[in-house]
Amino acid sequence: MKAEKTPQSSRRQFLKKACGAGVGMAAGVSGLSRAWAITPTGDDTDAAEMPLRPFGNSGVKVPILGLGGSLNFLNRQLLLGQALKMGVRYWDTADNYSGGRSEEGIGAYFSKHPEDRKRVFLVTKTGATSPEGMERSLEDSLKRLKTDHVDLYLLHGLSRVAGVIDDVTRGWVEKTKADGRIRLFGFSTHRNMAACLAQAGRLGWLDGIMLTYNYRLMADEDMTRAVDACVRAGIGLIAMKTQGRAFSFGGGGRGEELVQHFLDRGLTKHQARLKAVWENSQISGICSHMDNMTILKENVTAARDRTLLGDRDRRLLKRHARRTASAYCAGCGDICESRLDDPVPVADVMRCLMYAHSYNDYQMAREAFARLPSGIRSRLLQTDFSAAEQLCPQRIAIGKVMRRAAEDLGYSPV
Ligand code: SF4
């Protein structure tokens with residue numbers, strides 16, 4: 001199966017046929033069982049236009065666009081079917097997404113369309129890290145997903161690897177791979193990503209990592225080195241949070257100039273941000289929170305389109321990142337949290353706020369906030385964050401933002 005195609009038509013021509021008929025059927029991955037390959041079938045000419053990239057050294061190729069996010073798929077069955085048809089065959093979920101309804105929704109889809117299971121590269125995550133916990137969590141996930149295996153199993157939301165993934169973990173992973181319930185193993189991270197990647201590269205036996213990665217972070221030197229280390233170690237990388245969403249309050253405007261510039265180029269700013277990430281061929285794919293057909297089609301169009309960003313595009317993205325830096329948390333909690341007498345998970349609180357203010361998903365934000373350590377609300381209100389603010393590379397007014405979080409999120413999930 002080919003990885004990516006060369007440009008064959010202008011962007012205008014492409015947009016005319018976006019989401020329309022395809023260009024022929026891709027071949028299967030030789031030497032791999034069908035369960036490992038993502039193989040378009042007869043009615044999938046549409047899907048054949050989705051570019052694929054190798055996933056580390058696994059021998060698997062994945063579509064550059066995947067479907068993910070904490071979504072209730074029980075009421076998005078049509079979306080799943082359409083995603084598959086368009087070649088979005090990397091499906092990402094987690095044991096706790098939408099209170100289990102994300103996995104249950106995918107399971108409901110597979111119950112109705114059992115033949116589609118082998119066409120999906122299925123990813124789920126667990127909050128457990130002990131062998132007993134992972135075992136229980138995996139069995140529960142398989143039941144909800146109505147399948148006998150997942151293609152990639154991830155430890156969910158690590159902020160460090162040392163002391164979490166060790167030889168005991170490896171023993172469980174090898175046993176579980178051998179009995180066929182998981183194909184590949186790794187972790188997801190949205191805190192201290194560069195350090196996590198660097199540690200993973202040194203371990204040398206992980207298959208995949210899902211990380212926060214976007215136009216704001218990809219030029220960072222530590223991140224660049226860490227990505228290189230993972231690629232050398234054969235680890236497949238999936239980018240998430242690729243829109244680099246800021247809080248909606250404070251921090252340098254909404255980027256009207258950026259919006260207009262990309263519209264003139266025939267791209268939305270969302271498509272441009274996806275393209276910025278895809279331009280790094282070290283990234284196997286993007287896992288995107290696509291909760292409706294409009295976003296699915298917009299992103300699929302961007303994935304199939306071969307237009308490259310130009311120097312001016314990149315300059316504008318960089319300038320926007322600079323101007324709005326104080327409203328974007330880079331997840332480097334090790335920096336600011338080390339300066340606090342009382343432990344406060346600043347980066348996690350910032351992420352909750354991003355769900356609320358940028359995704360406009362207050363339920364997800366409050367659920368995530370409710371999982372933070374007890375007593376967090378009063379600590380947000382009482383802690384002096386001034387020393388932490390001095391170290392923040394994004395120059396965020398941390399104290400002000402933490403107080404806003406306490407006000408907006410500091411009560412029970414609705
Ligand atoms: S508040 Fe600043 S230092 Fe703390 S995690 Fe966010 S960007 Fe990093």
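Read-outs throughout are calculated quantities, based only on the coordinates presented, and are distinct from any laboratory measurement. On a predicted model such as this, the values are computed, not experimentally measured, just so you know. All Cβ positions, glycine included, derive from the backbone under ideal geometry; neighbour counts span all protein chains shown.
At 7 Å along Cα-to-Cβ for each site, give me the label-to-label distance between residue 111 and residue 140 in nm.
1.9
Can you compute the FRET efficiency between residue 292 and residue 312 using 1/(1 + (r/R0)^6), with r the Cβ-Cβ distance and R0 = 41 Å? Round to the nearest 0.05.
That gives a FRET efficiency of 0.85.
Cut-off 10 angstrom, C-alpha nodes, Gaussian network model of the chain. Which of 135, 298, 256 fluctuates the most?
256
Which order do the peptides 182-192, 364-374 take when ranked by the mean count of other beta-carbon atoms within 10 Å per residue, highest first?
On the way: 182-192: 23.5, 364-374: 18.2.
In decreasing order of mean packing, 182-192, 364-374 become 182-192, 364-374.
Please work out the FRET efficiency for the pair residue 403 and residue 178, using the Cβ-Cβ distance as r and a Förster radius of 51 Å; give the result to the nearest 0.05.
In this case the efficiency is close to 0.50.
Going by average Cβ neighbours within 10 Å, how do the peptides 164-172, 236-244, 272-280 rank, with the highest at the top?
Working: 164-172: 14.6, 236-244: 23.7, 272-280: 20.7.
Going by the mean number of other Cβ atoms within 10 Å, highest first, we get 236-244, 272-280, 164-172.
Can you give me the P(r) profile for the range 329-409? Cα pairs, bins 10 angstrom wide beginning at 0, each as a whole percent.
Bin by bin from 0 Å, the calculated values are 20, 56, 23, 0.
Per residue of the range 55-71, what does 6.51 cos²θ - 1.76 cosθ + 1.60 with θ = phi - 60° give for ³J(HN,Hα)? Whole Hz please, x for Gly and Pro, Karplus curve as stated.
9, x, 9, 6, x, 9, 10, 10, x, 6, 10, x, 9, x, x, 7, 10
Among bridges DSSP assigns within the chain, what percent are antiparallel (round to 5)? Walk me through the numbers on the way to the answer.
Details: 3 of 32 bridges.
Once the DSSP bridges in the chain are tallied, antiparallel ones form about 10 percent.
Between residue 77 and residue 118, how many nm apart are label points set 7 Å from Cα along the C-beta direction?
2.4
Which peptide among 142-154, 89-101, 390-402 comes first, and what is the full order, when sorted by highest mean count of other Cβ atoms within 10 Å?
Ranking the peptides 142-154, 89-101, 390-402 by packing returns 89-101, 142-154, 390-402.
Starting from the coordinates of the alpha-carbon atoms of the range 11-317, obtain the Kirkwood hydrodynamic radius over all distinct pairs and give the value in Å to one decimal.
19.8
Take every Cα pair under 8 Å in the chain that's 6+ residues apart, average their separations, divide by the length, and report that relative contact order as a whole percent.
Relative contact order of the chain: 14 percent.
Any chance you could check the Cα centroid distance between the range 52-120 and the range 121-191 for me, in angstrom?
17
Between residue 222 and residue 57, what FRET efficiency follows from the Cβ-Cβ distance if R0 is 25 Å, with the result rounded to 0.05?
0.60
Once fully extended, how much extra length lies between residue 371 and residue 256, figured as 0.36 nm per residue of separation less the alpha-carbon to alpha-carbon distance?
Net length gain for the segment: 37.9 nm.
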